Amino acid sequence: MSDRYDCIVIGCGPAGLSAALNLNIRNKSFLILGTKQCSHRLAKAERIDNYLGLPEISGQGLMERYLQHVRSRGIELREERVTAVYPGDGEFAVITGKSQYSARSLIIATGVHIERVLPGENEYLGKGVSYCATCDGPLFREKAVALLDYTGGAAHDEVLFLAGVAKQVYYVLPQRASTAFVHDTSAAAVATVPSLPGNTTLMRGTSLSIKGTETVSSLIVDEQEIAVDGVFILRETQKAENLVPGLATDKKAVAVNGQMETNIAGVFAAGDCTGKPYQLAKATGQGAVAALSAVGYLDKRPK
C-alpha cells in the first residue's frame, strides 16, 4: 500500500471514525491513526442517555459499535501516535513514532487535551522542548535528554531511537498518584517496558518541571534536578496546534467554520478539539461534515 493518501485522519474517537466512514463511502484513499483505546473518555462512561436511537448504552458498548461499523467497511485503524505534521507544497508530511506518511488533506480529531502543561514547557518549546523524538532527536546527538511518557509505556520505540543518538536518556513515567520514586534499571523498575538500552535510566515521579536560561538546562523530577539538553514530551493526545504549525486556535480549541475548515487550506477539524459542547452527537456530525468538506477540497485540486 502506498504511503501517500488523499486524506489522513488524526484520532480515532467518534469524530475521527465518523470522518473515516464518510471518506470510505466517497472512495477516497485515507489512513486513520490513533491509540489502542481510541477514546478513553467514552470508554469510561457508565451509561449514555442522550445519544439518539441508542438509549442507556454504555460508553464501552457504543465504542465497540463504532469500531464494528468501520471494520465492516474494511477500514483499517492503524495504532500510531502522530508526533508532528509538516505542511509542504499541496501535501502534508505526517510523522509518527514508527513511520512517515504523505496526504493531500488532513482531518484533525484529536479530542480534548486534558494533560496539564508542565512548568517551563511553553517557555522552552523549540528551545529544547519537543514533541517528536524521531524528528528532533538527531539535534541532541551525544547529549543528555529526557523523554516524558504520558502514554503508559507506548513510547518504547521513541526511547530506542533516542538511545541510539543521545549519550544519556532519562525515560520518565509520570505518576498521577503518590508512588515510590524509582531511579534505577532493575528488573522490577522496568516491568512496564520490554527492554531498555544501557544508556537509558528509567524514572518515575509525580512532580515535573523544566528549567533553563535561553535553552533547556535541566528537568526536575520530584525533588531531583537532572541536567539535560532536551526534553521530549509524548502524550496520548497532543494539542492540535502543536502538531500542525500555524494552526489557528481561540486559545482553548481549534478555530473552524461551519464546514469544519481551519485557517490552513486542506486541514479540517472535528469533535472535542473544536471546543464545547463535548457531545457525541456533535462529534460524529462534525466528523461527517469534515470528511465531506475534505472530499470537496480534494475534488477541486489536481492529484
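Cβ separations smaller than 6 Å between residues 6+ apart or across chains give the following pairs from segment 279-300 residues that are closer than 16 Å to residue 111 by Cβ to residues that are buried (at least 17 other Cβ atoms within 10 Å of the Cβ) and of a type in the set (Val, Ile, Thr): 290/107.
State yes or no: is residue 231 assigned to a loop (DSSP other than H, G, I, E, B) and either assigned by TED's automatic domain parsing to the domain that holds residue 168 or β-branched (Val, Ile, Thr) (or both)? Full working, then the answer.
Values: assigned to a loop (DSSP other than H, G, I, E, B): no; either assigned by TED's automatic domain parsing to the domain that holds residue 168 or β-branched (Val, Ile, Thr) (or both): yes.
Taking the combined requirement at face value, the residue does not satisfy it.
If the condition is being in contact with a Ser or Thr (Cβ under 7 Å, 6 or more places away or on another chain), of a type in the set (Lys, Arg) and surrounded by 13 or more Cβ atoms within 10 Å (Cβ to Cβ), then segment 47-104 contributes only 81. Screening residue 209 with (1) assigned to a helix (DSSP H, G or I); (2) touching a Gly at 6+ places or on another chain (Cβ under 7 Å); (3) not acidic (Asp, Glu) gives one miss only, at (1).
If I go through segment 235-280 residue by residue, how many of them are part of a strand (DSSP E or B) and crowded, with 23+ Cβ neighbours inside 10 Å?
So in segment 235-280, the residues part of a strand (DSSP E or B) come out as 249, 254, 261, 267-269.
Among the residues that remain, those that are also crowded, with 23+ Cβ neighbours inside 10 Å are: 254, 267-269.
Looking only at that region, the number is 4.
Restricting segment 53-62 to residues that are without any contact (Cβ under 8 Å) to a residue 40 or more places away in the chain and assigned to a helix (DSSP H, G or I), the residue that is farthest from the chain's Cα centre (by Cα) is 61. Please determine whether any residue of segment 110-124 is surrounded by fewer than 14 Cβ atoms within 10 Å (Cβ to Cβ), touching a strand residue (DSSP E or B) at 6+ places or on another chain (Cβ under 7 Å) and not basic (Lys, Arg). Yes, because at least one residue in segment 110-124 is surrounded by fewer than 14 Cβ atoms within 10 Å (Cβ to Cβ), touching a strand residue (DSSP E or B) at 6+ places or on another chain (Cβ under 7 Å) and not basic (Lys, Arg). In the condition set (1) buried (at least 17 other Cβ atoms within 10 Å of the Cβ); (2) in contact with a helix residue (DSSP H, G or I) (Cβ under 8 Å, 6 or more places away or on another chain); (3) in contact (Cβ under 8 Å) with a residue 40 or more places away in the chain; (4) outside any helix (DSSP H, G or I), residue 17 is compliant with all but (4).
Among the candidates 71, 41, 104, the residue that is of a type in the set (D, E, K, R) and in a strand (DSSP E or B) is uniquely 104.
Scanning segment 113-128 turns up no residue that is touching a residue at least 24 places away in the same chain (Cβ under 8 Å), in contact with a helix residue (DSSP H, G or I) (Cβ under 7 Å, 6 or more places away or on another chain) and among the hydrophobic types (A, V, I, L, M, F, W, C). Of all residues in segment 23-71, those satisfying the criterion of being within 22 Å of residue 238 (Cβ to Cβ) and modelled with pLDDT under 85 are 35, 36, 37, 38, 39, 40, 41, 42, 43, 44.
State all residues of segment 20-38 that are of a type in the set (A, V, I, L, M) and not in a helix (DSSP H, G or I); if no residue qualifies, say none. Show your work before the answer.
The initial filter retains those residues of segment 20-38 that are of a type in the set (A, V, I, L, M), namely 20-21, 23, 25, 31-33.
Selection gives 31, 32, 33.
The values are calculated or read from the model by the stated rules, or taken from the named source; none is laboratory data. Quick caveat: nothing in here was measured; it's all calculated off a predicted structure. Glycine gets a Cβ as well: all are built from the backbone with ideal geometry, and neighbour counts include every protein chain shown.
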